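Just so it is clear, none of the values below were taken in a lab; they were calculated from the coordinates. Remember, predicted model here, so these are calculated numbers, not experimental data. Note: ideal-geometry Cβ built from the backbone for every residue, glycine included; neighbour counts use all protein chains shown.
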Amino acid sequence: MLEISGYFWKTCALHAAVKLDVFTVIGDAHLTAEEISQKLSGSQRGVERLLNALTAMALLVKTDGKYANSPSGKTFLAKGSAKYIGHIIMHHHHLLESWSQLDQAVLSGRPVRNRASFSDDEWRESFLLGMFNLAMGMAPKIVPLIDLSSKRHLLDLGGGPGTYAIHFCKKYSQLKATVYDLPTTRPFAEKTIKQFELTDRIQFAEGNYLNDPIEGRYDAVWLSHILHGEGPDDCRRIIQKAVSILEPGGMIIIHDFILNNSMDGPLFPALFSLNMLLGTDSGQSYSEDQIIDMLAAAGVKDVRRIVVQSPNDSGIIVGEI
Ligand SMILES: C[S@@+](CC[C@H](N)C(=O)[O-])C[C@H]1O[C@@H](n2cnc3c(N)ncnc32)[C@H](O)[C@@H]1O
């Protein structure tokens, strides 16, 4: 019980270290607390305590009074590493204040923070690049499970930086994709698509999937982590809209944090539903049956679950029209 209650101390130590960029500052070097304090322009009293706590958390290694990155610190927390996940950690950091007001949101049933997609530039950047961090870990596991070998044009609806469209296009050389998202997402998506040298096959389309039409015809549509941001009625509208732009035989694929049908697990989707209470008017995690019903109501057939190994219990439900 005490471990659960006090876990946020570790969380805050990690967030502070990422915010101060401690792991990048150390890089490949072995440095004293005094040297690191100088590089951070910080007090040695404070910096040394943080360094010792990070060492106790196995994120740094201390030898003869000098600190170096541990293998996981260097791989995941030093900028420049292909596996850097500091953006999603900063996104979590931005959520902290709202989580401390959870009791109020529970009683009122109302959000206590703005949605990251519609928030200021700093929040939106860590949110979208954080989605990139997460998807870079998941896409290589997911893409081989979904057969798009007969598909020509994929719509990545609410695709953010376009990470999944990129991975699908990398696997299927015949495939083109459109990433549909809010206008403020365009620079992030275009930069990422360019970085993967796919500008000739992936385009960005601006729009709001609740209010605007979706142009074009597609033979597959991928909805990753967008349903949980909306209430059940809007989810049904989004799914119906997605189905309406599919060619006959087209495929709709939902990827989200999926609850079991009694809504009380697995743990991550259950906690994530609280995160949506804190940050949206009507978003939530949905159960497998709820998503299947939404697809059935839109006329989707042959609906099935695809099992995926995921650290945060995300799951996939797919069907055809
Ligand atoms: C949680 S992110 C998921 C990003 C991406 N699909 C992934 O799985 O990595 C949700 C995305 O939906 C976009 N979004 C939110 N509301 C939207 C709306 N009304 N219309 C279009 N895009 C929206 C956000 O900008 C963000 O990129």
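Looking at ILE146, ILE142, ILE166, which is the one that is within 15 Å of the ligand (Cβ to nearest atom), touching a residue at least 24 places away in the same chain (Cβ under 8 Å) and closer than 21 Å to GLY249 by Cα?
Numbers: ILE142 fails: closer than 21 Å to GLY249 by Cα; ILE166 fails: closer than 21 Å to GLY249 by Cα.
Answer to the check: ILE146.
Before we move on, is GLN203 farther than 25 Å from LYS241 by Cα and away from the ligand (no atom under 15 Å from the Cβ)? Walk me through how you get there before you give the answer.
Working: farther than 25 Å from LYS241 by Cα: no; away from the ligand (no atom under 15 Å from the Cβ): yes.
When the stated conditions are applied, GLN203 does not pass them.
All but one of (1) farther than 16 Å from VAL18 by Cα; (2) in contact with a Phe, Trp or Tyr (Cβ under 9 Å, 6 or more places away or on another chain) hold for GLU34; which doesn't?
So GLU34 meets the others, but not (2).
Output the residues belonging to region 206-228 that are within 11 Å of the ligand (Cβ to nearest atom) and not in a loop (DSSP other than H, G, I, E, B).
So in region 206-228, the residues within 11 Å of the ligand (Cβ to nearest atom) come out as 206-212, 214, 222-228.
If the condition is that a residue be within 11 Å of the ligand (Cβ to nearest atom) and not in a loop (DSSP other than H, G, I, E, B), then GLU206, TRP222, LEU223, SER224, LEU227, HIS228 are the ones that fit.
Looking at (1) loosely packed, with under 13 Cβ neighbours inside 10 Å; (2) under 22 Å from LEU96 (Cβ atoms); (3) not small (Gly, Ala, Ser), which is the one condition that is false for HIS15?
Failed condition: (1).
Filter region 100-139 down to residues that are under 20 Å from LEU271 (Cβ atoms) and of a type in the set (Lys, Arg) and give me whichever is farthest from the ligand (Cβ to nearest atom).
Looking at the filtered set, the residue picked out is ARG110.
Of the conditions (1) surrounded by 14 or more Cβ atoms within 10 Å (Cβ to Cβ); (2) in contact with a helix residue (DSSP H, G or I) (Cβ under 8 Å, 6 or more places away or on another chain), GLN309 clears all except one; give me its number.
(1)
Kindly establish whether GLU215 is within 16 Å of GLY159 (Cα to Cα) and more than 21 Å from the chain's Cα centre (by Cα). Talk me through it step by step, then tell me what you get.
Numbers: within 16 Å of GLY159 (Cα to Cα): yes; more than 21 Å from the chain's Cα centre (by Cα): yes.
So GLU215 fits the description; yes.
Within region 229-270, can you find the residues that are within 14 Å of the ligand (Cβ to nearest atom) and of a type in the set (Gly, Ala, Ser)?
Within region 229-270, GLY229, GLY231, ALA242 qualify.
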